[in-house]
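Everything below concerns the one structure shown next.
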Amino acid sequence: MRIAYFDCFSGASGDMILGSLIDAGLSPRGLREELKKLRIPTVRLKTERVLKGSLAATQVIVEGRNEKRTHRNLKEILRIIERSGVETDVKEKSKEIFKRIASVEAKIHRTPAEEVHFHEVGGLDSIVDIVGSVWGIRQLGIEKTYVSRVNVGGGFVKCEHGTLPVPAPATLLLMEGKTIFSSGVERELFTPTGAAILTTLGSEFGSMPPINIDRIGYGAGRADLPHPNLLRLIVGTLGSAFGKERVVVIETNIDDMNPQFYDYVMEKLLAMKVLEVFITPILMKKNRPGHLLTVICPSEMLASVIKFLFEETTTIGLRWHEEERAKADREIIPCQTKYGRIRFKVSRWEGKVVNLSPEYEDCKRLALEKGVPLKQIFEEAKKEIITLQKGGRRPSHLQEK
């Protein structure tokens, strides 16, 4: 899997993200050609090689000739994107980013999202930053994006809404459930545009994943700071960490909910793509029987799972903690048995096959179709496993890697 890791030791902004993508190999000419599809003739994209401290980087400057408007509403921005000639998936992801910004601005100012006027992110440069970043990540073949914890800066920033604390309220809401910190620099290092792009495109926030490095890019910020004002982008393939990954374990004790609801709750959680959900019978205070509901999910799902549990169960409190788990590599392969086709789940650890097991649903289907006892289907599947393990009809993709 081709991945990207944004190292935000000096925050991030839309132009820094674009600069890091270009520095990592994205063609400036190709980007300009793509941006022409926005049909905004007044916009011109410039790139410069600059030094920040002792490090060379790419700085992106978006110039809007005769561009006097500094704000637009959501409907206007979505219309510009929708009428453009960029590819459909780039359109949809770019619109999603602007809708997220509108949502948090609406919450901050207590107004409907449709009535939100974008100021700092309403200029044509922000449309270019967002559409360009979505297209650039896709163009570099990046399948999954990781983001470090983010240095947001400190102090205050002046904007259309007046003087605001750093991080700006919109940035803070966009980063809900993610890790931020401040190095003490009195400057806005992380902008709402940067936050909207990275939280929409980023799959995981935190420590660097194991990565086989292919390219490295530096996107320059405009200000000169005591430290290199850069966004570092590392592009490569996902390396092996022996199946280790960080997860969040969420738990809540429940003793007053209709037991019939648990089926619904579990189905909904699994539909949200949590990693695991299970229920354990427990005895609570005053010896009341209850249930311990446990959900395991990626860290970026923490906020959405908490919201779901409060809305859909009777819990009035819950707890969570981070853990590291080890996961064998898995794949599904089909095998033909005398009863029909059965899929097998193949598990590997460090490249070696450690488990082969038939899919229950396939065995159940064949038992019903053939009128054969389910245990007989499983016995036949076991014979197939033995044959595979002995190498009698070992498919090439089962060879140890």
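The values are calculated or read from the model by the stated rules, or taken from the named source; none is laboratory data. On a predicted model such as this, the values are computed, not experimentally measured, just so you know. For neighbour counting, all protein chains shown are included, and Cβ atoms are generated from backbone atoms with ideal geometry for every residue, glycine included.
Here is how the numbers come out for the structure above:
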| quantity | calculated |
| --- | --- |
| Pairs, first over 12 Å from ILE250 (Cα atoms) in the range 309-326, second acidic (Asp, Glu) and exposed (fewer than 13 other Cβ atoms within 10 Å of the Cβ), C-beta under 7 Å, six or more apart | THR314/ASP256 |
| Looking only at the range 324-382, and only at residues there that are modelled with pLDDT of 90 or more and among the β-branched types (Val, Ile, Thr), the one that is nearest to PRO298 (Cα to Cα) | ILE342 |
| Counted residues, the range 185-208 - those being assigned to a loop (DSSP other than H, G, I, E, B) and hydroxyl-bearing (Ser, Thr, Tyr) | 3 |
| Of the criteria (1) over 30 Å from SER203 (Cα atoms); (2) touching a Lys or Arg at 6+ places or on another chain (Cβ under 8 Å); (3) of a type in the set (A, V, I, L, M), which one LEU366 fails | (2) |
| Residue in the range 137-165 that is surrounded by the most Cβ atoms within 10 Å (Cβ to Cβ), counting only those that are in a loop (DSSP other than H, G, I, E, B) and under 24 Å from the mean Cα position of the chain (by Cα) | VAL152 |
| Residue list for the range 166-184, restricted to those being part of a loop (DSSP other than H, G, I, E, B), closer than 24 Å to TYR5 by Cβ and among the aliphatic types (A, V, I, L, M) | MET175 |
| Those residues of the range 185-225 which are crowded, with 21+ Cβ neighbours inside 10 Å and of a type in the set (A, V, I, L, M), in sequence order | LEU189, ALA195, ALA196, ILE197, LEU198, LEU201, ALA220 |
| Residue satisfying all of: in the range 62-82; closer than 21 Å to ARG138 by Cα and at pLDDT 90 or above; surrounded by the fewest Cβ atoms within 10 Å (Cβ to Cβ) among these | GLU82 |
| Residue match in the range 280-289 (condition: under 22 Å from ILE250 (Cα atoms) and either surrounded by 12 or more Cβ atoms within 10 Å (Cβ to Cβ) or assigned by TED's automatic domain parsing to the domain that holds PRO209 (or both)) | yes |
| Set THR314, THR252: member being surrounded by fewer than 16 Cβ atoms within 10 Å (Cβ to Cβ) and not assigned by TED's automatic domain parsing to the domain that holds SER357 | THR314 |
| Among the residues listed as LEU292, LEU302, the single one being of a type in the set (A, V, I, L, M) and modelled with pLDDT of 95 or more | LEU292 |
| Residue within the range 357-377 that is in a loop (DSSP other than H, G, I, E, B), surrounded by 13 or more Cβ atoms within 10 Å (Cβ to Cβ) and touching a Ser or Thr at 6+ places or on another chain (Cβ under 8 Å) present | no |
| All positions within the range 223-255 that are modelled with pLDDT of 90 or more and of a type in the set (D, E, K, R) | ASP224, ARG232, GLU251, ASP255 |
